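Working notes, structure below.
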Amino acid sequence: MKIVTAVARYLLGLMFLVLGLNSFFNFLPQPPLPPGHAGEFLSLLMTTHYVYAVGAVMVISAILLLVNQFVVLALVLLGPVLVNVLLYHVLMQPKTIGLGVFATLLWLLVAYRVRGAFAPLFQARTEG
């Protein structure tokens, strides 16, 4: 299991490093914006430069995953990114959800390895 989670961590890190850097340098070919709300949403993210903030979070998290330092922090930072990716695809472009589901499965594998760090989040009450 140790090897599986290490491979998942590296794949997740590489995926988010490439996609995060693409937010800044646009080296991957971009298809035309989809019609309807999906295109409007993506256009808004680009014109407000929101993609740069998300890209920075992705790059920082990816580097942390690749160097195997602060892995829990990287997972916490990537969690909302993945939720938004999945929501975008479920609500606006279900046909292209594959990469988001794959990234989520990788995230879950890595999170399972460090699940003890997340245990306090699931306590119903705090002491004191």
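Values computed for the structure shown
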| item | result |
| --- | --- |
| Angle between the chain longest axis and helix 37-47 axis [Cα atoms, degrees, rounded to 10] | 80 degrees |
| Percent carbon-and-sulfur accessible area, the chain, ignoring ligands, DNA and RNA, probe 1.4 Å | 72 percent |
| Inverse of mean 1/r across different Cα pairs in segment 67-128, Kirkwood, Å | 13.2 Å |
| Segment 68-76 - phi-based ³J(HN,Hα) in whole Hz, Karplus 6.51/-1.76/1.60, Gly and Pro as x | 6, 10, 6, 4, 5, 4, 4, 5, 5 |
| Dipole-positive endmost among 49, 114, 96 within the chain (Cβ charges, Cα centre) | 114 |
| Where labels lie 7 Å past Cα in the beta-carbon direction, separation of residue 7 and residue 28 in nm | 2.2 nm |
| Residue-normalised accessible area of the chain, given per residue in Å² at a 1.4 Å probe | 67 Å² |
| Read-out Cα extents along the principal axes in Å, derived from the coordinates shown; its label in [x] 51, 48, 25; [y] 68, 29, 21; [z] 49, 33, 26 | [z] |
| For the chain: relative contact order, % (alpha-carbon pairs under 8 angstrom, 6 or more apart) | 33 percent |
| Estimated vicinal HN-Hα couplings, Hz - segment 101-106 in sequence order (Karplus 6.51, -1.76, 1.60; Gly, Pro = x) | 5, 4, 4, 5, 5, 4 |
| Angle in degrees between helix 50-66 and the longest Cα principal axis of the chain, rounded to the nearest 10 | 40 degrees |
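The values are calculated or read from the model by the stated rules, or taken from the named source; none is laboratory data. None of these values were measured; they are calculated from a predicted model. Because the Cβ atoms are built from the backbone with ideal geometry, glycine has one as well, and the counts that use them run over all protein chains shown. Ligands, DNA and RNA are stripped out before the accessible areas are found, and what is left, the full protein with its side chains, is counted by its heavy atoms. Shrake-Rupley method; radii C 1.70, N 1.55, O 1.52, S 1.80 Å.
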